[in-house]
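Here the structure comes first, spelled out in structure tokens, and everything after it is commentary.
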Amino acid sequence: MKITGKSHVYGDNIDTDRIIPGKYTKTLDLQSLADHVMEDLDPEFSKKVEKGDIVVAGENFGCGSSREQAPLALKTAGVSLIIAKSFARIFFRNAINIGLPIIELKDYHIQPGDIIEADLISGLVTVNGQSYTGTKMPQVMVDILNNNGLVNYLAKHKTYKL
């Protein structure tokens, strides 16, 4: 599973309240979530993000409350992949469960606007001719992502193998 997109770069400890403020989470309208995604961190993000773009962050991305709306808001806004030095565990699981790819990458030199190519299976991330090796996604998680999330995966396969 290969993904290519333009980077949006942020720092450490981006919590779920900064990804989607709690005041906007009382809806089932995913587009409403996307309209307000990252607005407390980067008020222009929802206007400048394009389908296929990639969010790059530092340590502990998605920390804070366990709201599933955070990865849903990013995915609905068009984000195709999140690369971070580390993820809060619940955000990691929520992202996979809703079909939003993520890669943990400890060291990188990525600037805003760089074009990134990433291979989820190998964990290889390439930007500006430089390659980095991130975490390799287990096959079951790649299969869940290929089915656009856990619900679709289980509806199709009825179970999963580890």
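Below is a table of values for the structure above.
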read-out: Heavy-atom SASA rank of TYR160, TYR10 (probe 1.4 Å, accessible area, largest first); value: TYR160, TYR10
read-out: Percent carbon-and-sulfur accessible area, the chain, ignoring ligands, DNA and RNA, probe 1.4 Å; value: 51 percent
read-out: Cβ-defined net charge surrounding GLY129, 14 Å radius [Lys, Arg +1; Asp, Glu -1]; value: -2
read-out: Exposure of SER32 as accessible area (Å², to 10), given a probe of 1.4 Å and all protein chains; value: 30 Å²
read-out: Given 14 as the ceiling on other Cβ atoms within 10 Å, longest exposed-site-free region of the chain for GluC sites (Glu not before Pro) in DSSP loops; value: 51-162
read-out: Using a Förster distance of 45 Å, the FRET efficiency for GLN111-HIS157 (Cβ separation, nearest 0.05); value: 0.65
read-out: DSSP bridge orientation in segment 1-152 - percent antiparallel, rounded to nearest 5; value: 50 percent
read-out: Residues in segment 66-108 reached by a label modelled at THR4 [backbone nitrogen below 17 Å; 7 Å Cα→Cβ]; value: 80-81
read-out: Amide H contacts under 5 Å for ASP114, placed H, 5+ residues apart; value: SER7
read-out: Overall dimensions of the chain by Cα: Rg and Dmax, Å; value: 14.8, 43
read-out: Relative contact order computed over the chain (Cα-Cα under 8 Å; 6+ residues apart), in percent; value: 24 percent
read-out: Close Lys-Lys pairs in segment 61-162, where close means Cα under 19 Å and separation is 8 or more or interchain; value: 4
read-out: Label-point separation, VAL140 to LYS48 (7 Å along Cα→Cβ), nm; value: 4.0 nm
read-out: Residue-normalised accessible area of the chain, given per residue in Å² at a 1.4 Å probe; value: 49 Å²
read-out: Loop-located trypsin sites (Lys or Arg not before Pro) in segment 108-162, at most 12 other Cβ atoms within 10 Å (DSSP); value: LYS158, LYS161
read-out: CD proxy at 222 nm, helix term only [per DSSP H run n ≥ 4: -39500 (n - 2.57); per residue of the chain; nearest 500]; value: -7500 deg cm²/dmol
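The values are calculated or read from the model by the stated rules, or taken from the named source; none is laboratory data. Values in this document were obtained by computation on a predicted structure and should not be read as measured data. Methodologically, a virtual Cβ is constructed for each residue, glycine included, from the backbone with ideal geometry; neighbour enumeration extends over all protein chains shown. Protein only, heavy atoms only, side chains kept; ligands, DNA and RNA dropped before computing areas. Shrake-Rupley method; radii C 1.70, N 1.55, O 1.52, S 1.80 Å.
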